[in-house]
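What follows is a single structure, written as C-alpha cells, with notes after it.
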Amino acid sequence: MKDTTPQGTRQVLKEIKRHKSVYVLLIIPLTYYIIFKYFPIWNGQIAFKDFMPLDGVLGSRWIGFHHFATFFQSFYFWELLRNTLFYSFGKLLVSVPASILLAVTIYECARPRLAKLVQTLAYLPHFLSWVIMYGILLALLAPGDGIVNDIVVALGGKGVAFLTDTSTFPGIVILSDAWKEMGWSAIIFIAALIGIDPSLFEAAIVEGVSIPQRVWYITLPSIRPVIVMVVLLRLGTILDAGFNQMFMLYSIPVYSVADIIDTWVYRQGLLDFQFGLATAVGIFKGIIGLLLISLSNWLVKKVSDSSLI
C-alpha cells in the first residue's frame, strides 16, 4: 500500500523517533503544565459566576462582570494598584541591574576561589523562606534591640521602626527582595557571559582597553539579548509584587503603602470564601501582563534586534 502521509509529517515523526528519549523526559513537565496551568483555565469561568461549591462550576449562577466591577469599584482599588506597580517596578529597577553587576563582577574576578565563594554566598538567601528572612530583618531592624538601631543610637541618633514606618517600609521591601534574589537571578547572566567569544577580550587587552571599557563596550552589548528577555518576562508578571514577602512583612500601621492586589485578594477573596472574586482578579492580572509584555516586545523590536518572538 502506498504511503499517503505528507512529507512534512513523516519528517516530524522521524525526528520524534530519533530523539524519543528527550520526548519521554518531556512527559513530566508537560503533565505538570496540563494539570496545574491549562486545566484550571476551564475553572476560570467562575470569575463570571456566583460560584457555589455544592453547585459546581457549571451549576453556579451566571452573573457576568459583577466580580470585576466589585474589584474596580473597591475603595482601595487605586491604592492597591499604585502599591503593586510601585513595588513591581521598584524591584525590577533594582534587582535586574544588581544581578547584572554581580554577574559581571564574578565573571571579571581574577581569583577563581574568591569568585566561587561570593557566588555561593550570593545564592544562599534564595533558598531561605520569607519566614526566615523576616526573622533576620527583625533581628537587624527591630526598634528596640535591632543591630542597625543599636548602631544608630550609639552614634547619637534615634531608633527607627523600619518595618512599621510608612516612609522606610517600601525601601526595606525592595532592598530585601534584591538581597534575597540577586544571586539566583545572576545565574542566567553568568551563563550568558561564559558564552562570549574570549577573542574579543584578548583583542581588547592587546589594545590596552581598561576593565570598565571592556565591560561597557563588550560584555554588556554581548548579553543584551538575555537582559531584554529577562526584563520582558518580568514585565509579564508586573502585577505580582511578591505575596509571600509582603504577607510576612506588612502590618496594620503600613497598610496604606504595603497592601497590594494579592494581599487584598487573600483577605477579601479567600478568607471570605469569595473564590469568584479571587479568580476575576487573577484574570485581570493575566490580561494586564499579556498586554504589557506584548507592548514591550513590540517596542523592543522597533529599537533593537532583540525580542521574545
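Computed from the coordinates by the stated procedures, all read-outs in this text should not be read as laboratory data. For clarity, every value in this text was computed on a predicted model and none was experimentally measured. FYI the Cβ positions are ideal-geometry reconstructions off the backbone, even for glycines, and counts take in every protein chain you see.
Results, tabulated for the structure shown:
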{"read-out": "Cut-off 14 Å between beta-carbons: net charge of the residues surrounding K158, Lys and Arg +1, Asp and Glu -1", "value": "-2"}
{"read-out": "Proximal charge balance of F275 [Cβ under 13 Å; K/R count +1, D/E count -1]", "value": "-2"}
{"read-out": "At least 27 Å along the helix axis (C-alpha) and Kyte average at least -0.5, DSSP helices within the chain", "value": "77-108, 169-194, 275-303"}
{"read-out": "Size of charge dipole - the stretch 60-155 - debye, nearest 20, with Cβ of Lys, Arg +1 and Asp, Glu -1, no other charges", "value": "360 debye"}
{"read-out": "Cα-centred dipole magnitude for the chain, charges only on beta-carbon of K, R (+1) and D, E (-1), debye, nearest 20", "value": "1080 debye"}
{"read-out": "Long-range tail of P(r) for the stretch 201-309 (Cα pairs > 17 Å, %)", "value": "68 percent"}
{"read-out": "Exposed-site-free run, longest, the chain (rule: chymotrypsin sites (Phe, Trp or Tyr not before Pro); DSSP loop; at most 14 other C-beta within 10 Å)", "value": "76-272"}
{"read-out": "Cross-link table K91/K301; K180/K302; K180/K285, entries beyond 27 Å C-alpha to C-alpha", "value": "K180/K302"}
{"read-out": "Radius 13 Å from Cβ of W62, net charge of other residues (Lys, Arg +1; Asp, Glu -1)", "value": "0"}
{"read-out": "Only Lys, Arg (+1) and Asp, Glu (-1) charged, at Cβ; the stretch 1-64 dipole about Cα centre in debye", "value": "440 debye"}
{"read-out": "Inter-site label distance for D240 and L220 at 7 Å from Cα along Cβ, in nm", "value": "2.9 nm"}
{"read-out": "Options (1) 1.28; (2) 1.17; (3) 1.03 - which one matches Cα Rg over 2.2 N^0.38 Å as calculated here", "value": "(1)"}
{"read-out": "Dipole of the chain [Lys/Arg +1, Asp/Glu -1 at C-beta], most positive-end residue of A154, S99, P198", "value": "P198"}
{"read-out": "Rounded FRET efficiency, nearest 0.05, which uses the C-beta distance separating K158 from L121 and R0 of 41 Å", "value": "0.80"}
{"read-out": "Partner aspartates and glutamates for K158 [C-alpha distance under 13 Å; skip if fewer than 8 residues away on the same chain]", "value": "D145, D150"}
